[in-house]
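The values are calculated or read from the model by the stated rules, or taken from the named source; none is laboratory data. Remember, it's a predicted structure, so these values are computed and weren't measured experimentally. Backbone-built Cβ (ideal geometry, glycine too); neighbour counts: all protein chains shown.
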(Lines give C-alpha, C1' and ligand atoms only; values in the text may rest on other atoms or scores of the structure.)
Protein backbone atom coordinates (compact mmCIF):
# COMPACT_ATOMS: atom_id res chain seq x y z
CA UNK A 1 0.00 0.00 0.00
CA UNK A 2 1.25 3.42 -0.87
CA UNK A 3 2.05 5.93 1.78
CA UNK A 4 0.32 9.26 1.91
CA UNK A 5 2.34 12.43 2.06
CA UNK A 6 1.90 14.40 5.26
CA UNK A 7 -0.52 16.87 3.74
CA UNK A 8 -2.81 14.26 2.26
CA UNK A 9 -6.54 14.55 2.79
CA UNK A 10 -6.55 10.98 4.06
CA UNK A 11 -4.52 11.98 7.05
CA UNK A 12 -5.89 15.42 7.46
CA UNK A 13 -9.54 14.52 7.08
CA UNK A 14 -10.10 13.63 10.67
CA UNK A 15 -7.95 16.45 11.95
CA UNK A 16 -9.60 19.13 9.87
CA UNK A 17 -13.18 18.15 10.42
CA UNK A 18 -13.56 19.66 13.87
CA UNK A 19 -12.01 22.89 12.68
CA UNK A 20 -13.70 25.49 10.59
CA UNK A 21 -11.07 26.01 7.91
CA UNK A 22 -12.00 26.87 4.36
CA UNK A 23 -11.62 23.27 3.25
CA UNK A 24 -13.72 21.81 6.04
CA UNK A 25 -16.81 21.32 3.84
CA UNK A 26 -14.79 19.41 1.28
CA UNK A 27 -13.15 17.20 3.88
CA UNK A 28 -16.58 16.40 5.23
CA UNK A 29 -17.78 15.49 1.78
CA UNK A 30 -14.73 13.34 1.14
CA UNK A 31 -15.17 11.55 4.41
CA UNK A 32 -18.87 10.99 3.99
CA UNK A 33 -18.40 9.62 0.49
CA UNK A 34 -15.49 7.39 1.32
CA UNK A 35 -17.64 4.26 1.88
CA UNK A 36 -19.31 4.82 -1.48
CA UNK A 37 -15.96 5.29 -3.18
CA UNK A 38 -14.58 2.20 -1.51
CA UNK A 39 -17.54 0.10 -2.60
CA UNK A 40 -17.28 1.44 -6.13
CA UNK A 41 -13.52 0.84 -6.32
CA UNK A 42 -13.90 -2.63 -4.88
CA UNK A 43 -16.32 -3.65 -7.58
CA UNK A 44 -14.01 -2.30 -10.23
CA UNK A 45 -10.79 -3.71 -8.87
CA UNK A 46 -12.20 -6.93 -7.38
CA UNK A 47 -9.72 -6.65 -4.57
CA UNK A 48 -10.12 -4.84 -1.28
CA UNK A 49 -6.52 -3.78 -0.76
CA UNK A 50 -6.27 -2.59 -4.34
CA UNK A 51 -9.52 -0.69 -3.87
CA UNK A 52 -8.08 1.00 -0.79
CA UNK A 53 -5.06 2.09 -2.83
CA UNK A 54 -7.31 3.42 -5.55
CA UNK A 55 -9.49 5.37 -3.16
CA UNK A 56 -6.49 6.81 -1.37
CA UNK A 57 -4.92 7.95 -4.63
CA UNK A 58 -8.24 9.29 -5.81
CA UNK A 59 -8.72 11.33 -2.66
CA UNK A 60 -5.26 12.76 -3.13
CA UNK A 61 -6.07 13.72 -6.69
CA UNK A 62 -9.38 15.17 -5.65
CA UNK A 63 -7.68 17.16 -2.94
CA UNK A 64 -5.08 18.56 -5.31
CA UNK A 65 -7.69 19.55 -7.86
CA UNK A 66 -10.33 20.65 -5.37
CA UNK A 67 -10.60 24.01 -7.10
CA UNK A 68 -12.20 22.21 -10.03
CA UNK A 69 -15.21 21.27 -7.94
CA UNK A 70 -17.44 24.29 -8.30
CA UNK A 71 -20.64 22.72 -7.08
CA UNK A 72 -20.41 20.63 -3.88
CA UNK A 73 -23.59 18.86 -4.92
CA UNK A 74 -21.65 17.37 -7.82
CA UNK A 75 -18.97 15.94 -5.54
CA UNK A 76 -20.18 12.35 -5.73
CA UNK A 77 -20.09 11.88 -9.51
CA UNK A 78 -16.89 13.94 -9.61
CA UNK A 79 -15.20 11.65 -7.10
CA UNK A 80 -16.56 8.48 -8.70
CA UNK A 81 -15.14 9.63 -12.00
CA UNK A 82 -11.76 10.19 -10.37
CA UNK A 83 -11.91 6.73 -8.83
CA UNK A 84 -12.77 5.17 -12.17
CA UNK A 85 -9.90 6.92 -13.88
CA UNK A 86 -7.50 6.03 -11.10
CA UNK A 87 -8.56 2.42 -11.43
CA UNK A 88 -7.96 2.59 -15.16
CA UNK A 89 -4.53 4.11 -14.57
CA UNK A 90 -3.62 1.53 -11.99
CA UNK A 91 -4.91 -1.18 -14.26
CA UNK A 92 -2.68 -0.01 -17.07
CA UNK A 93 0.30 0.60 -14.82
CA UNK A 94 0.34 -2.35 -12.48
CA UNK A 95 -1.66 -5.14 -13.97
CA UNK A 96 0.45 -8.20 -14.55
CA UNK A 97 0.12 -9.36 -18.08
CA UNK A 98 -0.88 -12.92 -17.76
CA UNK A 99 -4.24 -14.42 -18.47
CA UNK A 100 -6.96 -12.26 -19.95
CA UNK A 101 -9.43 -13.32 -17.28
CA UNK A 102 -12.08 -11.16 -18.84
CA UNK A 103 -11.92 -13.25 -21.95
CA UNK A 104 -12.62 -16.46 -20.14
CA UNK A 105 -15.05 -15.21 -17.52
CA UNK A 106 -17.99 -16.51 -19.52
CA UNK A 107 -16.98 -20.04 -18.80
CA UNK A 108 -17.56 -19.53 -15.12
CA UNK A 109 -21.12 -18.27 -15.27
CA UNK A 110 -22.94 -21.53 -14.91
CA UNK A 111 -26.62 -21.45 -15.83
CA UNK A 112 -28.84 -21.83 -12.82
CA UNK A 113 -25.98 -21.66 -10.38
CA UNK A 114 -27.86 -19.16 -8.26
CA UNK A 115 -30.59 -21.67 -7.59
CA UNK A 116 -28.15 -23.91 -5.78
CA UNK A 117 -26.42 -21.20 -3.79
CA UNK A 118 -27.40 -18.21 -1.85
CA UNK A 119 -28.82 -15.87 -4.46
CA UNK A 120 -26.96 -12.76 -3.53
CA UNK A 121 -23.69 -14.54 -2.99
CA UNK A 122 -23.94 -16.10 -6.42
CA UNK A 123 -24.96 -12.81 -7.96
CA UNK A 124 -22.05 -10.97 -6.33
CA UNK A 125 -19.72 -13.64 -7.55
CA UNK A 126 -21.23 -13.37 -11.01
CA UNK A 127 -20.80 -9.61 -11.08
CA UNK A 128 -17.21 -9.96 -9.90
CA UNK A 129 -16.57 -12.33 -12.76
CA UNK A 130 -18.07 -10.13 -15.42
CA UNK A 131 -15.45 -8.87 -17.83
CA UNK A 132 -14.41 -5.35 -16.98
CA UNK A 133 -15.97 -4.01 -20.17
CA UNK A 134 -19.36 -5.13 -18.85
CA UNK A 135 -18.78 -4.69 -15.12
CA UNK A 136 -17.57 -1.12 -15.38
CA UNK A 137 -20.62 0.41 -17.08
CA UNK A 138 -22.92 -1.65 -14.87
CA UNK A 139 -21.28 -0.39 -11.69
CA UNK A 140 -21.18 3.16 -13.02
CA UNK A 141 -24.88 2.99 -13.75
CA UNK A 142 -26.24 1.13 -10.74
CA UNK A 143 -23.89 2.31 -8.02
CA UNK A 144 -22.77 5.59 -9.53
CA UNK A 145 -26.10 6.70 -10.88
CA UNK A 146 -24.56 7.71 -14.18
CA UNK A 147 -26.81 7.95 -17.23
CA UNK A 148 -26.05 6.02 -20.39
CA UNK A 149 -24.85 9.22 -22.02
CA UNK A 150 -22.57 10.05 -19.11
CA UNK A 151 -21.10 6.55 -19.15
CA UNK A 152 -20.52 6.83 -22.86
CA UNK A 153 -18.62 10.09 -22.36
CA UNK A 154 -16.61 8.70 -19.48
CA UNK A 155 -15.66 5.50 -21.28
CA UNK A 156 -15.21 7.21 -24.61
CA UNK A 157 -17.78 4.96 -26.25
CA UNK A 158 -20.88 5.52 -28.31
CA UNK A 159 -24.19 5.46 -26.49
CA UNK A 160 -25.15 2.39 -28.50
CA UNK A 161 -22.02 0.59 -27.40
CA UNK A 162 -22.82 1.36 -23.79
CA UNK A 163 -26.39 0.12 -24.22
CA UNK A 164 -25.06 -3.08 -25.68
CA UNK A 165 -22.55 -3.62 -22.90
CA UNK A 166 -25.15 -2.99 -20.24
CA UNK A 167 -27.57 -5.34 -21.98
CA UNK A 168 -24.94 -8.06 -22.16
CA UNK A 169 -23.91 -7.56 -18.55
CA UNK A 170 -27.46 -8.04 -17.33
CA UNK A 171 -28.03 -10.88 -19.74
CA UNK A 172 -25.13 -12.79 -18.22
CA UNK A 173 -26.58 -12.19 -14.78
CA UNK A 174 -29.98 -13.36 -16.02
CA UNK A 175 -28.40 -16.64 -16.99
CA UNK A 176 -26.70 -16.89 -13.62
CA UNK A 177 -30.04 -16.41 -11.91
CA UNK A 178 -31.63 -19.14 -13.97
CA UNK A 179 -33.80 -16.76 -15.99
CA UNK A 180 -32.39 -17.80 -19.33
CA UNK A 181 -30.55 -15.61 -21.77
CA UNK A 182 -32.61 -13.02 -23.56
CA UNK A 183 -32.02 -13.00 -27.30
CA UNK A 184 -29.59 -10.27 -28.14
CA UNK A 185 -31.32 -7.58 -30.18
CA UNK A 186 -30.00 -7.68 -33.69
CA UNK A 187 -31.71 -4.49 -34.68
CA UNK A 188 -30.03 -1.23 -35.28
CA UNK A 189 -29.15 -0.79 -31.63
CA UNK A 190 -26.92 -3.81 -31.35
CA UNK A 191 -23.20 -3.61 -31.66
CA UNK A 192 -21.15 -6.65 -32.63
CA UNK B 1 -39.31 1.95 -31.39
CA UNK B 2 -39.52 -1.73 -32.31
CA UNK B 3 -39.22 -4.73 -29.99
CA UNK B 4 -35.49 -5.21 -30.59
CA UNK B 5 -34.75 -1.62 -29.71
CA UNK B 6 -37.08 -1.76 -26.73
CA UNK B 7 -35.38 -4.86 -25.36
CA UNK B 8 -31.95 -3.37 -25.83
CA UNK B 9 -33.01 -0.34 -23.83
CA UNK B 10 -34.76 -2.42 -21.17
CA UNK B 11 -31.78 -4.72 -20.83
CA UNK B 12 -29.47 -1.73 -20.60
CA UNK B 13 -31.62 0.15 -18.12
CA UNK B 14 -34.72 -1.60 -16.83
CA UNK B 15 -35.82 1.53 -14.98
CA UNK B 16 -35.78 3.64 -18.12
CA UNK B 17 -38.96 5.60 -18.62
CA UNK B 18 -38.18 7.25 -21.91
CA UNK B 19 -41.27 8.34 -23.82
CA UNK B 20 -40.43 6.09 -26.76
CA UNK B 21 -40.06 3.04 -24.57
CA UNK B 22 -43.16 3.83 -22.57
CA UNK B 23 -45.16 4.19 -25.76
CA UNK B 24 -43.88 0.85 -27.02
CA UNK B 25 -44.67 -0.92 -23.76
CA UNK B 26 -48.28 0.19 -23.80
CA UNK B 27 -48.81 -1.80 -26.97
CA UNK B 28 -46.45 -4.77 -26.45
CA UNK B 29 -47.27 -7.30 -23.71
CA UNK B 30 -44.17 -9.38 -24.48
CA UNK B 31 -41.83 -6.44 -23.89
CA UNK B 32 -43.75 -5.56 -20.74
CA UNK B 33 -43.15 -9.06 -19.42
CA UNK B 34 -39.49 -8.75 -20.32
CA UNK B 35 -39.26 -5.49 -18.43
CA UNK B 36 -40.96 -7.00 -15.39
CA UNK B 37 -38.37 -9.77 -15.40
CA UNK B 38 -35.54 -7.30 -15.76
CA UNK B 39 -36.89 -5.14 -12.96
CA UNK B 40 -36.94 -8.16 -10.68
CA UNK B 41 -33.35 -8.90 -11.62
CA UNK B 42 -32.44 -5.25 -11.19
CA UNK B 43 -33.57 -5.27 -7.58
CA UNK B 44 -31.32 -8.21 -6.91
CA UNK B 45 -28.40 -6.60 -8.72
CA UNK B 46 -28.81 -3.45 -6.66
CA UNK B 47 -28.83 -5.42 -3.43
CA UNK B 48 -25.80 -7.41 -4.54
CA UNK B 49 -23.82 -4.31 -5.48
CA UNK B 50 -24.41 -2.69 -2.13
CA UNK B 51 -22.19 -5.20 -0.47
CA UNK B 52 -19.06 -6.37 -2.26
CA UNK B 53 -17.43 -9.53 -0.97
CA UNK B 54 -15.35 -8.88 2.15
CA UNK B 55 -17.17 -5.64 2.81
CA UNK B 56 -20.21 -7.19 4.44
CA UNK B 57 -21.22 -5.61 7.70
CA UNK B 58 -21.56 -7.94 10.62
CA UNK B 59 -24.92 -8.23 12.26
CA UNK B 60 -24.78 -6.48 15.64
CA UNK B 61 -25.39 -8.65 18.65
CA UNK B 62 -28.37 -7.89 20.90
CA UNK B 63 -27.35 -5.81 23.92
CA UNK B 64 -28.75 -8.28 26.41
CA UNK B 65 -26.24 -10.81 25.23
CA UNK B 66 -23.27 -8.51 25.73
CA UNK B 67 -21.85 -10.06 28.87
CA UNK B 68 -22.13 -13.73 27.90
CA UNK B 69 -20.78 -12.85 24.48
CA UNK B 70 -17.84 -10.99 25.96
CA UNK B 71 -17.04 -14.02 28.06
CA UNK B 72 -17.39 -16.30 25.08
CA UNK B 73 -15.24 -13.96 23.02
CA UNK B 74 -12.44 -14.03 25.54
CA UNK B 75 -12.49 -17.82 25.51
CA UNK B 76 -12.58 -17.72 21.73
CA UNK B 77 -9.61 -15.39 21.54
CA UNK B 78 -7.57 -17.71 23.71
CA UNK B 79 -8.62 -20.68 21.59
CA UNK B 80 -7.84 -18.86 18.36
CA UNK B 81 -4.41 -17.90 19.67
CA UNK B 82 -3.61 -21.53 20.34
CA UNK B 83 -5.07 -22.62 17.01
CA UNK B 84 -3.18 -19.93 15.15
CA UNK B 85 0.12 -21.30 16.35
CA UNK B 86 -1.01 -24.75 15.31
CA UNK B 87 -2.32 -23.62 11.93
CA UNK B 88 0.60 -21.46 10.92
CA UNK B 89 3.04 -24.30 11.28
CA UNK B 90 1.57 -26.48 8.48
CA UNK B 91 1.42 -23.43 6.24
CA UNK B 92 5.11 -22.81 6.73
CA UNK B 93 5.80 -26.45 6.05
CA UNK B 94 3.66 -26.27 2.94
CA UNK B 95 5.59 -23.23 1.72
CA UNK B 96 8.84 -25.09 2.26
CA UNK B 97 7.58 -28.08 0.30
CA UNK B 98 6.38 -25.83 -2.51
CA UNK B 99 9.84 -24.31 -2.76
CA UNK B 100 11.42 -27.76 -2.77
CA UNK B 101 9.09 -28.94 -5.49
CA UNK B 102 9.85 -25.97 -7.71
CA UNK B 103 13.56 -26.42 -7.19
CA UNK B 104 13.19 -30.01 -8.37
CA UNK B 105 11.85 -28.81 -11.71
CA UNK B 106 14.22 -26.00 -12.66
CA UNK B 107 13.52 -26.54 -16.34
CA UNK B 108 10.03 -25.24 -15.74
CA UNK B 109 11.40 -21.70 -15.47
CA UNK B 110 13.18 -21.93 -18.78
CA UNK B 111 10.24 -22.81 -21.02
CA UNK B 112 9.35 -19.98 -23.35
CA UNK B 113 6.83 -21.51 -25.72
CA UNK B 114 3.16 -21.30 -24.90
CA UNK B 115 1.51 -24.53 -23.83
CA UNK B 116 -1.47 -25.58 -25.94
CA UNK B 117 -4.97 -25.55 -24.51
CA UNK B 118 -4.90 -29.36 -24.55
CA UNK B 119 -1.65 -29.32 -22.59
CA UNK B 120 -3.13 -27.04 -19.97
CA UNK B 121 -6.27 -29.15 -19.78
CA UNK B 122 -4.18 -32.28 -19.26
CA UNK B 123 -2.34 -30.65 -16.38
CA UNK B 124 -5.62 -29.67 -14.72
CA UNK B 125 -7.52 -32.88 -15.37
CA UNK B 126 -6.06 -35.10 -12.66
CA UNK B 127 -6.85 -32.53 -10.00
CA UNK B 128 -10.41 -31.86 -11.12
CA UNK B 129 -9.72 -28.19 -11.66
CA UNK B 130 -11.45 -25.86 -14.09
CA UNK B 131 -9.27 -22.86 -14.55
CA UNK B 132 -10.50 -21.59 -17.88
CA UNK B 133 -6.96 -20.60 -18.72
CA UNK B 134 -6.24 -20.36 -22.40
CA UNK B 135 -3.50 -17.82 -22.22
CA UNK B 136 -0.41 -17.83 -24.37
CA UNK B 137 1.40 -16.65 -21.23
CA UNK B 138 1.48 -20.17 -19.80
CA UNK B 139 4.77 -21.73 -20.77
CA UNK B 140 4.73 -24.80 -18.57
CA UNK B 141 1.89 -27.06 -17.48
CA UNK B 142 2.37 -30.39 -15.78
CA UNK B 143 0.42 -32.60 -13.42
CA UNK B 144 2.83 -33.15 -10.56
CA UNK B 145 2.77 -35.50 -7.61
CA UNK B 146 2.75 -33.38 -4.47
CA UNK B 147 1.76 -34.33 -0.93
CA UNK B 148 0.09 -37.52 -2.11
CA UNK B 149 -1.94 -36.03 -4.95
CA UNK B 150 -1.54 -34.88 -8.50
CA UNK B 151 -1.59 -31.10 -8.62
CA UNK B 152 -1.42 -28.74 -11.59
CA UNK B 153 1.97 -27.06 -11.85
CA UNK B 154 1.94 -24.08 -14.18
CA UNK B 155 4.44 -21.40 -15.07
CA UNK B 156 2.90 -18.10 -16.08
CA UNK B 157 4.91 -15.37 -17.75
CA UNK B 158 4.30 -12.05 -16.05
CA UNK B 159 5.82 -8.63 -16.43
CA UNK B 160 7.96 -9.51 -13.42
CA UNK B 161 9.25 -12.72 -14.97
CA UNK B 162 8.03 -16.28 -14.76
CA UNK B 163 5.85 -17.25 -11.84
CA UNK B 164 5.12 -20.79 -10.75
CA UNK B 165 1.56 -21.63 -9.82
CA UNK B 166 0.62 -24.77 -7.91
CA UNK B 167 -3.08 -25.44 -7.52
CA UNK B 168 -3.46 -27.33 -4.28
CA UNK B 169 -6.88 -28.87 -3.94
CA UNK B 170 -6.06 -30.76 -0.78
CA UNK B 171 -4.12 -28.07 1.07
CA UNK B 172 -6.31 -25.84 3.19
CA UNK B 173 -4.97 -22.53 4.43
CA UNK B 174 -6.99 -20.14 6.51
CA UNK B 175 -5.39 -16.94 5.29
CA UNK B 176 -2.97 -15.61 2.74
CA UNK B 177 0.58 -16.47 3.74
CA UNK B 178 3.59 -14.80 2.13
CA UNK B 179 6.98 -16.43 2.41
CA UNK B 180 10.52 -16.14 1.17
CA UNK B 181 12.95 -18.98 0.97
CA UNK B 182 16.02 -19.95 -1.03
CA UNK B 183 15.92 -16.77 -3.07
CA UNK B 184 12.30 -17.33 -4.01
CA UNK B 185 9.37 -15.36 -2.76
CA UNK B 186 5.82 -16.50 -2.85
CA UNK B 187 2.41 -16.52 -1.39
CA UNK B 188 -0.15 -19.20 -0.60
CA UNK B 189 -3.73 -18.05 -0.70
CA UNK B 190 -7.01 -19.80 0.07
CA UNK B 191 -8.99 -20.88 -2.99
CA UNK B 192 -12.29 -22.45 -2.13
CA UNK B 193 -11.57 -25.46 0.03
CA UNK B 194 -8.03 -25.65 -1.30
CA UNK B 195 -5.30 -23.16 -1.96
CA UNK B 196 -3.01 -21.76 -4.62
CA UNK B 197 0.71 -21.22 -4.25
CA UNK B 198 2.46 -18.66 -6.42
CA UNK B 199 6.22 -18.49 -6.42
CA UNK B 200 8.71 -16.31 -8.27
CA UNK B 201 12.21 -14.90 -8.17
CA UNK B 202 11.13 -11.74 -6.43
CA UNK B 203 8.23 -9.41 -6.97
CA UNK B 204 4.90 -9.18 -5.24
CA UNK B 205 2.76 -12.13 -6.21
CA UNK B 206 -0.24 -11.28 -4.05
CA UNK B 207 -2.22 -9.65 -6.81
CA UNK B 208 -1.59 -12.50 -9.20
CA UNK B 209 -2.47 -15.05 -6.52
CA UNK B 210 -5.63 -13.18 -5.67
CA UNK B 211 -6.75 -13.10 -9.28
CA UNK B 212 -6.00 -16.76 -9.78
CA UNK B 213 -7.76 -17.81 -6.60
CA UNK B 214 -10.92 -16.12 -7.77
CA UNK B 215 -10.85 -17.96 -11.04
CA UNK B 216 -10.16 -21.49 -9.97
CA UNK B 217 -13.16 -23.84 -9.88
CA UNK B 218 -13.11 -27.19 -8.24
CA UNK B 219 -14.88 -29.88 -10.22
CA UNK B 220 -15.84 -33.25 -8.76
CA UNK B 221 -12.60 -34.91 -7.89
CA UNK B 222 -11.67 -37.54 -10.45
CA UNK B 223 -10.29 -40.93 -9.58
CA UNK B 224 -6.61 -40.51 -8.86
CA UNK B 225 -4.22 -42.22 -11.22
CA UNK B 226 -1.62 -44.31 -9.43
CA UNK B 227 1.32 -42.36 -8.03
CA UNK B 228 4.37 -42.11 -10.24
CA UNK B 229 6.99 -44.79 -9.81
CA UNK B 230 9.99 -43.35 -8.07
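From the list B:164, B:172, B:139, the one residue that fits, being assigned by TED's automatic domain parsing to the domain that holds residue B:100 and over 19 Å from residue B:95 (Cβ atoms), is B:139. Of the helices (runs of 4 or more DSSP H) that lie entirely inside segment A:76-192, those containing 3 or more residues that are at pLDDT 85 or above span A:132-142, A:148-155, A:159-176.
All told, residue B:208 meets the bar of being assigned to a helix (DSSP H, G or I) and without any contact (Cβ under 8 Å) to a residue 60 or more places away in the chain. Can you pull out every residue in segment A:170-187 that is more than 9 Å from chain B (Cβ to nearest Cβ) and buried (at least 16 other Cβ atoms within 10 Å of the Cβ)? Passing the criteria: A:172, A:175, A:176.
Would you be able to say whether some residue in segment B:174-194 is assigned to a loop (DSSP other than H, G, I, E, B), over 23 Å from residue B:226 (Cβ atoms), away from chain A (no Cβ under 14 Å) and within 20 Å of the chain's Cα centre (by Cα)? Yes: segment B:174-194 contains one or more residues that are assigned to a loop (DSSP other than H, G, I, E, B), over 23 Å from residue B:226 (Cβ atoms), away from chain A (no Cβ under 14 Å) and within 20 Å of the chain's Cα centre (by Cα). Looking at B:195, B:213, just one residue is surrounded by fewer than 21 Cβ atoms within 10 Å (Cβ to Cβ) and in the same structural domain as residue B:143 (by TED's automatic domain parsing), and that residue is B:213.
Only one entry of B:6, B:48, B:70 meets the criterion of being surrounded by 14 or more Cβ atoms within 10 Å (Cβ to Cβ), in a helix (DSSP H, G or I) and modelled with pLDDT under 90, and that entry is B:48. Across segment B:153-173, the number of residues qualifying as surrounded by fewer than 23 Cβ atoms within 10 Å (Cβ to Cβ) and within 11 Å of chain A (Cβ to nearest Cβ) comes to 6. Kindly provide the set of residues from segment A:127-158 that are facing chain B (nearest Cβ under 8 Å), in contact (Cβ under 8 Å) with a residue 40 or more places away in the chain, within 11 Å of the chain's Cα centre (by Cα) and crowded, with 22+ Cβ neighbours inside 10 Å, ordered by number. Residue satisfying the conditions is A:139 alone. Against the test of being modelled with pLDDT of 75 or more and closer than 19 Å to residue B:157 by Cα, the options B:127, B:121 yield a single qualifying residue, B:121.
Residues of segment B:9-23 that are farther than 18 Å from residue A:161 by Cα and in a loop (DSSP other than H, G, I, E, B): B:15, B:17, B:18.
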